[in-house]
Amino acid sequence: MESSRCEMDGGDAAAVEGILDRIRLEGGDGNGRIEAAREIRRLTKTSSKHRRLLSDAIPPLVSMLRSGSGEHAEVAILALLNLAVKDERNKIKIVEAGALGSLIGFLQSTNPNLREHAAAALLTLTACSSNKPTISAAGAIPPLIKILRDGSSQAKMDAVVALYNLSTLPDNITMMLQAKSIPPLISLLKSCKKSSRPGERIVALLESMLNFDEGRNGLVAEEGGVLTLVEVLEEGSLQSKEHAVGALLSLCESNRCKYREIILREGVMPGLLELTVLGTPKSQSKARALLQLLRNSPYKRSEFEAADTLENIVSNIVSKIDHEDRTGKAKKMLAEMVQVSMEQSLRHLQKRASLVCTPSEKPSKW
């Protein structure tokens, strides 16, 4: 810190020291501390240099969070938020300084501004891997899920990202399920644009949750839960489609007899067929695996019958689609996919023939 300050001219160094002196005066002028916090927020908004130079302001700013004054708390959160952006050391230092108790409390405040700012701060702090266990252990997950239900639009989106960041730890997924996170996530997914970044994060969360019985039961119990995932296959971004097909595949793999008809009933085929052709490599693989599970017969065919496998899978299920417009789309996709399948099968037969024929018997042309 001292070497960084030496790199500044005298005026800059004096300004930083003056701000730090004012923010540390706990028993001094309250308005002075508020103005110092506002100055920190302004200087650290876009400057990584000032985030380093003013990191010593973190402990006194955290003490302002505990002051009980709404104005003190609000300016302190905003200053801490800017200090934490794109600075891993400051993220850790804020947590180590004891900010979590106040931030989690503000998620439940009657002051909507404090709730919104606290959600944004937790979003930023959860982006640091080493903070995640501490944040979840401090009890942040239940109030973040409550924000999903009754927060402002911005607070809900920030809470989604904070939960997404925390979901990389499996124990946190369990906590989210215990806090009944499925209904608010489905509600948000229904209302947001499914190709948006928040939409992608919500579907990713749901995919992680469907690895657990509680998550699968919660999704199916929620009205429109499976349908909403099916809609993502048609309306989502490539990334959200990949998560959605992964979620549906996990559902069907866990208990094919229980979930197969539920998935089919929601008109999954058009989006699923499109994904096998136009999705990412991972989503194409998952879509094909799900198509296999959605077949009437649970038994796999031998590789020598691969030429007509895809046609039989699709033609068997197309008849189950209720809506004429979806049927038409599915049949169009079927025609394209069968053509691809036939070409692949021909190449497969050519390869097999080249392996079993002697050079003199090998056909010169197919």
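The values are calculated or read from the model by the stated rules, or taken from the named source; none is laboratory data. Here the structure is a predicted model, which means the values were calculated and not measured. Note that we place each Cβ from the backbone using ideal geometry, even for glycine, and neighbour counts take in every protein chain shown. Remember, those area values only see protein heavy atoms, side chains included, never the ligands or the DNA or RNA. Shrake-Rupley method; radii C 1.70, N 1.55, O 1.52, S 1.80 Å.
Observations
- Lys193 being surrounded by fewer than 17 Cβ atoms within 10 Å (Cβ to Cβ) and charged (D, E, K, R): yes
- Selection within the stretch 205-226 - open to solvent by less than 10 Å² (accessible area, probe 1.4 Å) and among the small types (Gly, Ala, Ser): Gly215, Gly225
- Close pairs (6 angstrom Cβ cut-off, 6 or more residues apart or separate chains): on the phi > 0 side of the Ramachandran plot in the stretch 45-56, open to solvent by 60 Å² or more (accessible area, probe 1.4 Å) anywhere: none
- Among the residues of the stretch 137-187, just one is out of contact with any Ser or Thr (no Cβ under 8 Å at 6 or more places or on another chain), of a type in the set (Val, Ile, Thr) and under 13 Å from Arg115 (Cα atoms), namely Ile147.
- Odd one out for Glu200, checked against (1) within 24 Å of Pro133 (Cβ to Cβ); (2) acidic (Asp, Glu); (3) under 17 Å from the mean Cα position of the chain (by Cα): (1)
- Residue in the stretch 23-33 that is open to solvent by less than 50 Å² (accessible area, probe 1.4 Å), of a type in the set (Lys, Arg) and not in a loop (DSSP other than H, G, I, E, B) present: yes
- Number of residues in the stretch 213-261 that are acidic (Asp, Glu) and under 15 Å from Leu293 (Cβ atoms) equals 2.
- For Val16, the stated conditions do not hold, so it cannot be described as at pLDDT 95 or above, out of contact with any strand residue (DSSP E or B) (no Cβ under 6 Å at 6 or more places or on another chain) and among the β-branched types (Val, Ile, Thr).
- Hits in the stretch 159-181 - residues which are surrounded by fewer than 24 Cβ atoms within 10 Å (Cβ to Cβ), aliphatic (A, V, I, L, M) and within 16 Å of Ile147 (Cβ to Cβ): Val161, Met175, Ala179
- Among residues of the stretch 33-63, those that are more than 14 Å from Val16 (Cα to Cα), aliphatic (A, V, I, L, M) and at pLDDT 95 or above, counted: 2
- Subset of the stretch 226-250 (residues that are part of a helix (DSSP H, G or I) and touching a Lys or Arg at 6+ places or on another chain (Cβ under 7 Å)): Thr228, Glu231, Val232, Leu233, Glu235, Ser240, Glu242, Val245, Gly246, Leu249
- Some residue of the stretch 72-83 being without any contact (Cβ under 8 Å) to a residue 60 or more places away in the chain, farther than 21 Å from Leu43 by Cα and not polar (S, T, N, Q): no
- Counting only helices (runs of 4 or more DSSP H) that sit completely within the stretch 60-140, those holding 2 or more residues that are of a type in the set (S, T, N, Q) and surrounded by fewer than 23 Cβ atoms within 10 Å (Cβ to Cβ) correspond to 132-137.
- Hits in the stretch 40-53 (condition: out of contact with any His (no Cβ under 7 Å at 6 or more places or on another chain), assigned to a helix (DSSP H, G or I), open to solvent by less than 60 Å² (accessible area, probe 1.4 Å) and of a type outside the set (A, V, I, L, M, F, W, C)): His50, Arg51
- Those helices (runs of 4 or more DSSP H) lying entirely in the stretch 169-219 with at least 2 residues in contact with a Lys or Arg (Cβ under 9 Å, 6 or more places away or on another chain): 182-191, 197-209
- Residue check for Ser283: touching a Lys or Arg at 6+ places or on another chain (Cβ under 8 Å), in contact (Cβ under 8 Å) with a residue 40 or more places away in the chain and open to solvent by 50 Å² or more (accessible area, probe 1.4 Å): no
- Check on Gly151, at positive phi and over 17 Å from the mean Cα position of the chain (by Cα): no
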